[in-house]
1. Name the residues in region 86-144 that are open to solvent by 20 Å² or more (accessible area, probe 1.4 Å) and basic (Lys, Arg), would you?
2. For region 271-287, which positions are within 23 Å of GLY359 (Cα to Cα), of a type outside the set (D, E, K, R) and modelled with pLDDT of 95 or more?
3. Which of the residues belonging to region 279-293 are in contact with a helix residue (DSSP H, G or I) (Cβ under 9 Å, 6 or more places away or on another chain) and part of a loop (DSSP other than H, G, I, E, B)?
4. Looking at ALA177, ALA234, can you tell me which residue is closer than 24 Å to VAL139 by Cα, surrounded by 16 or more Cβ atoms within 10 Å (Cβ to Cβ) and without any contact (Cβ under 8 Å) to a residue 60 or more places away in the chain?
5. Tell me, please, whether a residue that is modelled with pLDDT of 90 or more, touching a Leu at 6+ places or on another chain (Cβ under 9 Å) and surrounded by 18 or more Cβ atoms within 10 Å (Cβ to Cβ) can be found in region 458-465.
6. Quick check on region 241-296: of everything there that is open to solvent by 50 Å² or more (accessible area, probe 1.4 Å) and among the polar types (S, T, N, Q), which residue is nearest to GLY133 (Cα to Cα)?
7. Look through ALA322, ALA296, ALA314 and report the one residue that is closer than 21 Å to LEU31 by Cβ, out of contact with any strand residue (DSSP E or B) (no Cβ under 7 Å at 6 or more places or on another chain) and not in a helix (DSSP H, G or I).
8. Does VAL161 fit the bill of being closer than 29 Å to THR387 by Cβ and either open to solvent by 20 Å² or more (accessible area, probe 1.4 Å) or of a type in the set (Gly, Ala, Ser) (or both)?
Amino acid sequence: MSDLQSEPRIVIVGAGPAGVRAAEILVAAGLRPVIVDENQRAGGQIYRQPPAAFGGSVRSKKQLYGFESAKADALHRTFDKLRGHVDYLPETLVWNCDGRQLDLLGRGRHQSLPYSHLMLCTGAIDRILPFPGWLLPGVYTLGAAQVALKAQGCVIGHSIVLVGSGPLLYLLAYQYAKAGAEIAAVLDTATFSGKLRATFDLAKQPLTLGKGLYFLTWLRCHGVKIVEGVQKIAVAGEQKVQAISWHKNGVEESIECDAVASGFGLRSETQLADLAGCAFEFDQLNQQWLPQRDPAGRSSAKGVYLAGDGAGIAGADAAEMAGKRAALALLEDVGKTVDVRESRRLDRALQRIQGFRRGLECAFPVPVEWARECADDEIICRCEEITAGELRQSVNHDGTVEINRLKALTRVGMGRCQGRVCSAAAAEILACSAGKRLAEVGRLRGQPPVKPFPVAVGVAAQVMESVAENAELEAS
């Protein structure tokens, strides 16, 4: 790498659709970015590849990615061509960002990585809304169930129920059924009428809408039980999942199963953007606090760019375009000549996708009744074992109306996940109990490490930092 003052030192976090396409643009302009990737192989979640130890894959790309196999293959091939022109750090976690420097943990070793320009392509995580039995062995998120299929070549059980809302619900059901798994039921909290109202916006991307309708029709034709408009989900079992029940139109039903995958849409992973100094604003469409960015992907923090689902949920196609657009903005900012027509084309395409996104949120909304109906004894923060009742008590007895105050008083979000899993549910409970809008209760401030890692590594990092500081003092 060249010196920071003579050449930009560009770091891309994430090797999914956004990160790979951003790297492609930067390499074409003669730059050599560093790509830091938590996975062993490039592709992100949507185009996740099996580990290299599997000999590439035990299943073909057509089997793994279905309709998207050509897009997945194109992305993988692009990255393979880039390998000699980028510095790739796979299986590496970025756990902190401080002072234009990233703290990394890769294969048990800690290192620091300075940057002049940072592109965050951090992706998304399942939105989790707890329900009775959600902590039983055999309950997974939709995303985790998809990882098991794509990366490990296995399914999560013998008789599986998928529950929640969002396009991933039906995509995963289709992928699992095509892999030979038994799907006992698909339980959708969204209603048919809501989907019908969203048709106009969804039709703005007819090919994507057509794929969704195909998944639904294929599942019904192959005898998969699909129930829309479900409420009051509960998983039953002693030491593991044995059944799941739900209500519809006031009538309770249940079905036996040994595994459940749940998810209520997706939430952007924004912790690194927070630590990098980006300003945030509440996004009504995503129902989440998101880092501010301009249409090109520039954040409020100088030299920090945002692309893909980590900056707002829009899907893989939009992520590829956003990665390209952010890379063009970066090139412009470092004085490189860019194709203005290509920038404008990408701007128009990304703007069109927003109409479709509005349709998705109308068709698959977050269940509005969940926070009101969640029982007091339901655990919301599994790390600290904080219940919904404890959160409500803080509102009622302490007058808590802000999420960080709630964290300080109850310890919600202080565990190993740093609120990545529980913050959405905690905020919903707080807003409902305090009679506030979700935007009014604020957001949990980011804290390192953004994901758990071994304590020994953290201690070693502190020792290294102390040694460096002492060396600087002695030199001065």
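1. Across region 86-144, the qualifying residues are ARG100, ARG107, ARG109.
2. Just the residues of region 271-287 that are within 23 Å of GLY359 (Cα to Cα), to begin with: 281-287.
Narrowing further to those that are of a type outside the set (D, E, K, R): 282, 284-287.
Residue satisfying the conditions is PHE282 alone.
3. Within region 279-293, GLN284, LEU285, ASN286, GLN287 meet the criteria.
4. Values: ALA234 fails: without any contact (Cβ under 8 Å) to a residue 60 or more places away in the chain.
Going through ALA177, ALA234 in turn, just one is closer than 24 Å to VAL139 by Cα, surrounded by 16 or more Cβ atoms within 10 Å (Cβ to Cβ) and without any contact (Cβ under 8 Å) to a residue 60 or more places away in the chain: ALA177.
5. Kept after step one, since they are modelled with pLDDT of 90 or more, are these residues of region 458-465: none.
Scanning region 458-465 turns up no residue that is modelled with pLDDT of 90 or more, touching a Leu at 6+ places or on another chain (Cβ under 9 Å) and surrounded by 18 or more Cβ atoms within 10 Å (Cβ to Cβ).
6. The residue in question is GLN242.
7. Numbers: ALA322 fails: not in a helix (DSSP H, G or I); ALA314 fails: closer than 21 Å to LEU31 by Cβ.
ALA296 is the lone residue from the list that is closer than 21 Å to LEU31 by Cβ, out of contact with any strand residue (DSSP E or B) (no Cβ under 7 Å at 6 or more places or on another chain) and not in a helix (DSSP H, G or I).
8. Details: closer than 29 Å to THR387 by Cβ: yes; either open to solvent by 20 Å² or more (accessible area, probe 1.4 Å) or of a type in the set (Gly, Ala, Ser) (or both): no.
No.
The values are calculated or read from the model by the stated rules, or taken from the named source; none is laboratory data. Please read these numbers as outputs of a predicted model, since none were measured by experiment. Every residue, glycine as well, gets a Cβ built from its backbone with ideal geometry; the counts of neighbours run over all protein chains shown. With ligands, DNA and RNA removed, areas are computed over all heavy atoms of the protein, side chains included. Shrake-Rupley method; radii C 1.70, N 1.55, O 1.52, S 1.80 Å.
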